[in-house]
1. Any residue in region 257-269 that is open to solvent by 10 Å² or more (accessible area, probe 1.4 Å), modelled with pLDDT of 95 or more and over 12 Å from N107 (Cβ atoms)?
2. Can you find, within region 195-219, the residue that is surrounded by the most Cβ atoms within 10 Å (Cβ to Cβ) among those that are out of contact with any Leu (no Cβ under 8 Å at 6 or more places or on another chain) and among the aliphatic types (A, V, I, L, M)?
3. On the basis of being buried (at least 19 other Cβ atoms within 10 Å of the Cβ), out of contact with any Asp or Glu (no Cβ under 9 Å at 6 or more places or on another chain) and more than 15 Å from A244 (Cα to Cα), does I121 make the cut?
4. Restricting to region 63-120, give me the number of residues that are modelled with pLDDT under 70 and among the hydrophobic types (A, V, I, L, M, F, W, C).
5. Would you mind stating whether D98 is in contact (Cβ under 8 Å) with a residue 40 or more places away in the chain, within 29 Å of E358 (Cα to Cα) and acidic (D, E)?
6. All but one of (1) touching a residue at least 60 places away in the same chain (Cβ under 8 Å); (2) assigned to a helix (DSSP H, G or I); (3) open to solvent by less than 30 Å² (accessible area, probe 1.4 Å) hold for G148; which doesn't?
7. For the condition in contact with a Leu (Cβ under 8 Å, 6 or more places away or on another chain), under 30 Å from I149 (Cα atoms) and either modelled with pLDDT under 90 or open to solvent by less than 40 Å² (accessible area, probe 1.4 Å) (or both), what is the one hit in I288, I326, I275?
8. Could you check V201 against (1) in contact (Cβ under 8 Å) with a residue 24 or more places away in the chain; (2) farther than 24 Å from V251 by Cβ and say which number it fails?
Amino acid sequence: MTSSEASAQRIPPFVSLGSARSVAGSGLAGLAMAPARGGNHPRPATGAAGNSVSRETTSSGRSNVIDAIDDSSPIARELAHETKRRERLVGRQLPRPDQTRIFTVSNQKGGVGKTTTTVNIAAALAAAGLNVLVIDIDPQGNASTALGIEHHADVDSIYDVLINDVPLADVVAPCPDIGKLICAPATIHLAGAEIELVSLVAREQRLRRAIDVYAKTREKNGEERLDYVFIDCPPSLGLLTVNAFCAASEVLIPIQCEYYALEGLSQLLKNIEMIQKHLNADLVVSTILLTMYDGRTNLAAQVAAEVRQHFPDQVLSAVVPRSVRISEAPSYQQTVMTYDPSSSGALSYLEAAAEIAER
């Protein structure tokens, strides 16, 4: 797929993804199959007159995707289930929070989907009309890449905010694909920020103060208040992550459905407890999202069950499956919401965003 072809798929998620009929209508028509007599091969369902009849269209002439699905096969059952999930999102209005909710997306284990979760939930909320800021404090700058924000060495970035006291307002850039979504990018300079922060005054509070000043600047300029701030952390527990914990009021923890992710969770919770005692008493672990779920394995189901047992109030009902589309999207500098809004990964992140907004 070329970049121009990918751009053609940039549809506002809560319009296109919420509409199961528009996404799946044509693709599901061929699934309405009835068994042929005297053989095992399926044949198209026919009407009383013997002519082929599309089960997509009801007597009233309106498209009905669910009626078009024969759930006699596993694939068809899965499509029927996804269709029902999409239809529950049709016309769904997400509530605006009473005050800005600041999330730190953290897990010291790498490869669990922190950046993917950050950008896709942020994109889903912004597509619903909420004002969202993503702050990328990972030196790799993957969140900046996924949102289509320039983050080469010559760009002012979150490094300049933390080290050189540059206002956050001078750093943020709009996401080209999604309105109401802005990002403070990360550059390679952040790789040395851990060392440079050690000698600075109030080193743990610098990001928090920058966000507070930015909020006041927006108010002074007559701009709308931010509804959500998501801070994408590096896979470590250094000073950058500590700054994120001090700036946030909530922690969102993506957990890969594998054993190693559980092992690292206990250490992360201990560090959060230390932050609560000494630096940010208001910090709470409010949200846990299960990612890279593979329903074909017993291990994934066991890990999911164990996490839900220990954290019944924090774990979201939405589960993000393993998805090639989610992995492909960043190569086009997009989130999966705009890259392939009909994918199962986009649907899962939409459900997760809606669940977070309604908590």
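The values are calculated or read from the model by the stated rules, or taken from the named source; none is laboratory data. All values derive from a computational prediction rather than experimental measurement. Cβ sites come from the backbone with ideal geometry, for glycine too, and all protein chains shown count toward neighbours. Side chains are part of the model used for accessible areas, which takes the heavy atoms of the whole protein and leaves out ligands, DNA and RNA. Shrake-Rupley method; radii C 1.70, N 1.55, O 1.52, S 1.80 Å.
1. No, every residue in region 257-269 fails to be open to solvent by 10 Å² or more (accessible area, probe 1.4 Å), modelled with pLDDT of 95 or more and over 12 Å from N107 (Cβ atoms).
2. Ranking the candidates gives L200 first.
3. Working: buried (at least 19 other Cβ atoms within 10 Å of the Cβ): yes; out of contact with any Asp or Glu (no Cβ under 9 Å at 6 or more places or on another chain): yes; more than 15 Å from A244 (Cα to Cα): yes.
So I121 passes the test.
4. 5
5. Details: in contact (Cβ under 8 Å) with a residue 40 or more places away in the chain: no; within 29 Å of E358 (Cα to Cα): yes; acidic (D, E): yes.
Criteria not met by D98.
6. Condition (2) is where G148 drops out.
7. Working: I326 fails: in contact with a Leu (Cβ under 8 Å, 6 or more places away or on another chain); I275 fails: under 30 Å from I149 (Cα atoms).
Answer to the check: I288.
8. V201 satisfies every listed condition except (1).
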